[in-house]
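Read through the structure below, which is laid out as structure tokens, and then see the notes.
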Number of protein chains: 2
Amino acid sequence: MTICGQKGKKTTEKLEGGKCSCPESRMERFIQPCLLLLLYEYPYSHGYNLLIDLKDFGFGTASDPGALYRNLRRMEEDGLVSSKWETGKSGPAKRVYELTPEGEELLHAWVENIKRNKKNLEYFLRRYKKQF
Amino acid sequence: MTICGQKGKKTTEKLEGGKCSCPESRMERFIQPCLLLLLYEYPYSHGYNLLIDLKDFGFGTASDPGALYRNLRRMEEDGLVSSKWETGKSGPAKRVYELTPEGEELLHAWVENIKRNKKNLEYFLRRYKKQF
DNA sequence: ACATATATATGTTATTAACATATAGTTCAA
DNA sequence: TTGAACTATATGTTAATAACATATATATGT
């Protein structure tokens, strides 16, 4: 999709404070396997915690709550997770999420795709190193 | 974007011939650094050859000529490559492409991003391995 | 003569991250 | 006491582009 903080600009114009000009792209829909894995590791996590944990996977200090909650909803619609409101606690209402068997299955399938992608990136870097 | 051959379907419905159900996603806009590297390695390549060479990077047997030519046009608009029609040859008219200094510069910038992505995928796989 | 390969290209659609904005309950600092 | 910050959840809108579809033209092979 668009590049972080660079919407509507040419690739070569996308500079800010002398920072790296390359697109801040990541593997498409990488948020989904990350959420699946996080929910495997920590069942009954709630959204805000998942938002924080996503930083471990490179989602950056400005993880987007819109993307997170929309993905969680879609994953629930697809039967990959289930959720319920946590009761009896003080503070803002919390919704906790749990992986389903289908979600666990998809996690394993994602891993195969991630392995392929890793290989492709490694191959790219090998060819690049041959030149520079 | 959408998943290869699975437009308009839920993730969990996206099965075909018992194949892997996971999304065939790749790093966003990965075609660009691949084209930049290919043009560094082989200056004056033409589109159709680049289409074939992209398979090395995981773009699959059905690399999309639409995506290729559109990306080449945008890269030329952005000053990353330049092109001219090859003359004096028989057969369909060929357009050959050449990297510009700006394009080479962006190639190096892309490499940093690709390294970060590789690290994130590796981190994900390490955490996954801890569980399974 | 027709199919396939070699070449280039545009139109359209689906998807979703980025960006924007909103509400609400608590805690903490001034 | 008040306001900011943190903790929580969520929807609306836009930009970008890969996927999908389709097209034209020149050669070669059967």
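The values are calculated or read from the model by the stated rules, or taken from the named source; none is laboratory data. This structure is a prediction, so every number in the text was calculated from the model and none was measured. All Cβ positions, glycine included, derive from the backbone under ideal geometry; neighbour counts span all protein chains shown. Side chains included, ligands, DNA and RNA excluded: accessible areas come from the protein's heavy atoms. Shrake-Rupley method; radii C 1.70, N 1.55, O 1.52, S 1.80 Å.
Miscellaneous remarks
- Cross-link pairs exceeding 28 Å between alpha carbons, from the set A:Lys115/B:Lys94; A:Lys129/B:Lys119; A:Lys89/B:Lys129; A:Lys119/B:Lys129; A:Lys94/B:Lys118: A:Lys115/B:Lys94; A:Lys89/B:Lys129; A:Lys94/B:Lys118.
- Under 16 Å from the B:Lys89 label point (7 Å along Cα→beta-carbon), backbone N, segment B:32-74: B:39, B:42-53
- Each principal axis of the Cα atoms in segment A:34-83 has its own extent, and those three values, largest first, are 29, 22, 14 angstrom.
- Solvent-accessible surface of protein heavy atoms, probed at 1.4 angstrom with all chains present, puts B:Arg95, A:Arg70 in the order A:Arg70, B:Arg95, largest first.
- Look at the stretch B:112-119: the mean tally of other chain Cβ atoms within 10 Å of its residues' Cβ atoms is 5.
- Nonpolar atom fraction for segment B:27-118, defined as the carbon and sulfur part of the 1.4 Å probe accessible area, stands at 50 percent.
- Peptide B:123-129 - average C-beta neighbours from other chains (10 Å radius): 6
- Interface area, A with B, accessible, probe 1.4 Å, both sides summed, Å² nearest 100: 5300
- Mean Cα-pair separation over length for segment B:55-124, i.e. relative contact order, pairs under 8 Å, 6 or more apart, %: 21
- With a cut-off of 13 Å between beta carbons, the residues surrounding B:Ser82 carry a summed charge of -3, where Lys and Arg count +1 and Asp and Glu -1.
- Counted over segment B:27-118 with a bin width of 5 Å, the fraction of Cα pairs per bin, in whole percents, is 3, 13, 26, 25, 19, 10, 3, 1, 1.
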